[in-house]
Amino acid sequence: MTPEEEKQIAQWGRNLHHEIHIDLTLTADDRSSAFKNFGDQLMRLAPKIRIIIEEEDRPLPPVIQVSNVKYQAIPTAKELEPFLNLLSGAGNNAGQLPASVQKQLAKIEIRAPLKIYITPFCPFCPVTVEQLLSLAAANEFIKLTVIDGAMFPEMAESDNIQSAPTVLLDDQYRWTGSIQIQEIVDIILNRDPARLSASTLEDMFAEGDAVRVAEMMLGSAKIFPAFPELLVHEKWPARLGAMVAFETIAAQDRQLAAQIIPLLWKRFPQAEDTVKGDILYLLGISGDKEIIPKLEKVVNGPYHAEVKEAALDALIELQPK
């Protein structure tokens with residue numbers, strides 16, 4: 001942090017009239033130390049800032065989070081002002097958006113994950129970040145992540161980022177260079193929910209929206225392509241959310257739930273035993289009696305006792321009540 005940046009933060013901090021809490025997730029990633037140093041300096045220069053630290057043992061990217069905005073970047077140079085405005089609320093330009101855009105933003109009720117890749121000293125990035133921050137301020141369903149592509153080159157490579165700024169929506173739509181807010185809002189509002197990515201669905205499950213996801217599938221009478229993979233996800237929280245959604249679907253539309261059965265059975269042989277047990281549970285509550293012969297093979301097959309027990313429970317569930 002330069003002396004000019006320290007002066008900017010100190011002057012900004014003197015105008016604060018209330019405490020501001022920031023969540024900072026530090027991980028096993030070596031770059032966490034830079035995030036920790038930034039947080040320490042921020043609190044030293046602006047005493048009303050309170051950093052709430054959460055530690056994660058896995059080598060995930062560290063994250064600064066303020067409400068529905070995440071920074072996988074250290075906001076310095078020209079990125080510092082938009083960040084400070086975000087903290088104090090001075091950067092909330094939602095009310096300055098065109099009335100037509102504000103009206104559309106109010107209709108968004110499905111999670112919309114936006115990512116913007118920036119680089120240090122990029123002349124256009126701060127303006128684009130400010131535009132996206134205004135959207136995030138206007139609607140909590142818009143989840144914005146600001147990523148420093150130079151600091152996290154592996155993330156930039158994974159998303160095939162070639163220049164900055166680059167904006168991604170749900171890992172499917174992208175804009176490079178200057179953006180049109182109206183266009184982004186139009187696509188957020190009119191996109192097909194069936195095209196939601198697995199990561200977006202997983203985030204919705206993490207926020208307790210499993211039933212909402214199920215209702216979207218029930219309403220459209222189709223299973224979203226990314227959904228079945230979450231039912232066999234290696235992480236239990238992701239799998240649990242998907243299972244809750246499946247339970248909701250099975251209780252209201254057995255035919256729709258039956259569309260997933262072949263996909264689950266195909267993944268069964270390679271799944272770990274804990275996942276096998278969950279698959280068998282789902283087969284049991286599906287109500288699809290055609291799966292009974294397969295369940296009987298599991299009960300009598302070369303499987304661990306816990307898996308056989310899960311198959312037996314599924315058979316019992318499928319018996320006439």
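Some observations on this one:
- Residue 14-residue 236 pseudo-label distance in nm [points 7 Å out on the Cα-to-Cβ vector]: 5.3
- Taking amide H atoms as placed 1.01 Å from N in the peptide plane, the amide H of residue 49 lies under 5 Å from those of 20, each 5 or more residues away in sequence or on another chain.
- Gain in span if fully extended, residue 68 to residue 183, counting 0.36 nm per residue against the direct Cα distance: 39.3 nm
- Candidates per trypsin sites (Lys or Arg not before Pro) in region 124-191, loop by DSSP, up to 13 other Cβ within 10 Å: none
- Taking the C-alpha atoms only, the angle from helix 32-45 to the longest principal axis of the chain is near 40 degrees.
- The amide H of residue 143, built 1.01 Å from its N in the peptide plane, has 112, 114 as neighbours under 5 Å, considering only residues 5 or more places off or on other chains.
- Compared with the dominant principal axis of the Cα atoms in the chain, helix 3-14 is inclined by about 80°.
- The chain - percent relative contact order, Cα under 8 Å, separation 6 or more: 11
- Separation of alpha-carbon centers, region 121-192 and region 240-259, rounded to whole Å: 33
- Rounded to the nearest whole angstrom, the semi-axes of the ellipsoid equivalent to region 3-190, taken from the Cα gyration tensor as √(5λ), stand at 26, 20, 15, largest first.
- Top of 222, 266, 78 by mean-square fluctuation, Gaussian network on the chain, Cα under 10 Å: 266
- Most mobile of 288, 30, 57 in a GNM of the chain (Cα contacts under 10 Å): 57
- Eligible aspartates and glutamates near residue 308 by straight Cα distance, threshold 13 Å, same-chain separation 8 or greater: 273, 278, 296
- Helix 273-285 axis versus longest C-alpha principal axis of the chain: approximately 70°, rounded to the nearest ten.
- Pair residue 312, residue 154: separation of 7 Å Cα→Cβ label points (nm): 4.5
- From most to least packed by mean Cβ count within 10 Å, the peptides 111-117, 64-70, 7-13, 126-132 give 111-117, 126-132, 64-70, 7-13.
- Set of lysines with alpha-carbon distance to residue 115 below 17 Å, sequence-local pairs under 8 removed: 70, 143
- Cα-based equivalent ellipsoid of region 193-318: semi-axis lengths in Å, sorted from largest, via gyration tensor: 24, 16, 11
FYI, it's all coordinate maths here, none of it is from the lab. Note that the structure is predicted; figures quoted are calculated from it, not measured. Neighbour counts are summed over all protein chains in view; Cβ atoms, including those assigned to glycine, are modelled from backbone coordinates with ideal geometry.
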